[in-house]
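A.B. asks: Questions regarding the structure given below will be posed in turn.
The values are calculated or read from the model by the stated rules, or taken from the named source; none is laboratory data. No experiment lies behind these values; they were computed from the predicted model shown. Neighbour counts run over all protein chains shown; Cβ positions are idealised from the backbone, glycine included.
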């Protein structure tokens, strides 16, 4: 059964870069049938799509975050990663990674989420 | 891109039916049959309940159904149960090849 697990620092200082990795187990990230994405949820607020990537490296980003976001994939490690630069307190959130089957229109498997706090 | 519009809260008694609306534009909800619905219990990851407007993933109860008319999609839960109490989010693919979520709806089972 496919599982996704987020990992990375739980605390990031303002103006620095947030870096998270999602490890895929029980399946191959190189499957042509899937995209892989990042979604976040600030405390007490709703879901926000950050961006998604195909195993070939094609990326899709939320326009409101595009200037600060980089999503990459490492097929040799079956992982994909998120980098968000110049973070502020507004970037404090639970960050989820997820799988998109066939198109980025839906997410059918999610990681458990990891909390990232931006604070000095 | 602007978030899709959902009611902040809805409520219903056990056994009743409720409907949650999700309003967008012709560039997202109205332009594609790529509307999804997610259920999220407190402290848990979201769970896909409906995709492509009205399709249920394997394992999702038949009590959950989806539809769309124009720029508004809807999620209907029939035979309401206590376990249905959760937050519900819609999402849609957009003409910019992006994904947008609704603000979320808190469902209370009275």
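A.B. asks: Given the condition under 19 Å from residue B:5 (Cβ atoms) and out of contact with any strand residue (DSSP E or B) (no Cβ under 8 Å at 6 or more places or on another chain), answer yes or no: does some residue in region B:54-77 qualify?
C.D. replies: Within region B:54-77, one or more residues are under 19 Å from residue B:5 (Cβ atoms) and out of contact with any strand residue (DSSP E or B) (no Cβ under 8 Å at 6 or more places or on another chain).
A.B. asks: Given the conditions (1) surrounded by 20 or more Cβ atoms within 10 Å (Cβ to Cβ); (2) under 17 Å from residue A:39 (Cβ atoms); (3) within 12 Å of the chain's Cα centre (by Cα), report the number of the one that residue B:103 does not fulfil.
C.D. replies: Every listed condition holds for residue B:103 apart from (1).
A.B. asks: Now for a different question. Tell me which strands (runs of 3 or more DSSP E) are completely within region A:17-120 and hold 2 or more residues being within 14 Å of chain B (Cβ to nearest Cβ) and closer than 19 Å to residue A:4 by Cα, or say none if there are none.
C.D. replies: On the way: elements: A:18-25, A:34-41, A:48-54, A:59-61, A:69-74, A:79-84, A:93-101, A:114-118.
Counting at least 2 such residues, we get A:34-41, A:48-54, A:93-101, A:114-118.
A.B. asks: Consider region B:61-77. How many of its residues are buried (at least 16 other Cβ atoms within 10 Å of the Cβ) and assigned to a loop (DSSP other than H, G, I, E, B)? Explain how you work it out, then say what you get.
C.D. replies: Of all residues in region B:61-77, those buried (at least 16 other Cβ atoms within 10 Å of the Cβ) come to B:64-66, B:68, B:71-75, B:77.
From what is left, the residues that are assigned to a loop (DSSP other than H, G, I, E, B) are B:71.
Residues in region B:61-77 being buried (at least 16 other Cβ atoms within 10 Å of the Cβ) and assigned to a loop (DSSP other than H, G, I, E, B): 1 in total.
A.B. asks: What pairs can you find where one residue is in region B:51-74 and at positive phi, the other is assigned to a strand (DSSP E or B), and their Cβ atoms are less than 7 Å apart, with a gap of 6+ or different chains?
C.D. replies: Listed pairs, sorted by first residue: B:53/B:35; B:53/B:66; B:53/B:67; B:53/B:68; B:53/B:73.
A.B. asks: Can you tell which of B:36, B:58 is part of a strand (DSSP E or B) and either modelled with pLDDT under 95 or within 13 Å of chain A (Cβ to nearest Cβ) (or both)? Break it down stepwise before answering.
C.D. replies: Values: B:58 fails: part of a strand (DSSP E or B).
Within the list B:36, B:58, the selection yields B:36.
A.B. asks: Which of the following residues is crowded, with 19+ Cβ neighbours inside 10 Å and either over 15 Å from the mean Cα position of the chain (by Cα) or without any contact (Cβ under 8 Å) to a residue 40 or more places away in the chain (or both): A:49, A:110, A:36?
C.D. replies: A:49
A.B. asks: Identify the single condition in (1) closer than 24 Å to residue B:93 by Cβ; (2) surrounded by fewer than 21 Cβ atoms within 10 Å (Cβ to Cβ); (3) at pLDDT below 95 that residue A:104 does not satisfy, given that it satisfies every other one.
C.D. replies: Only one criterion is unmet by residue A:104, namely (2).
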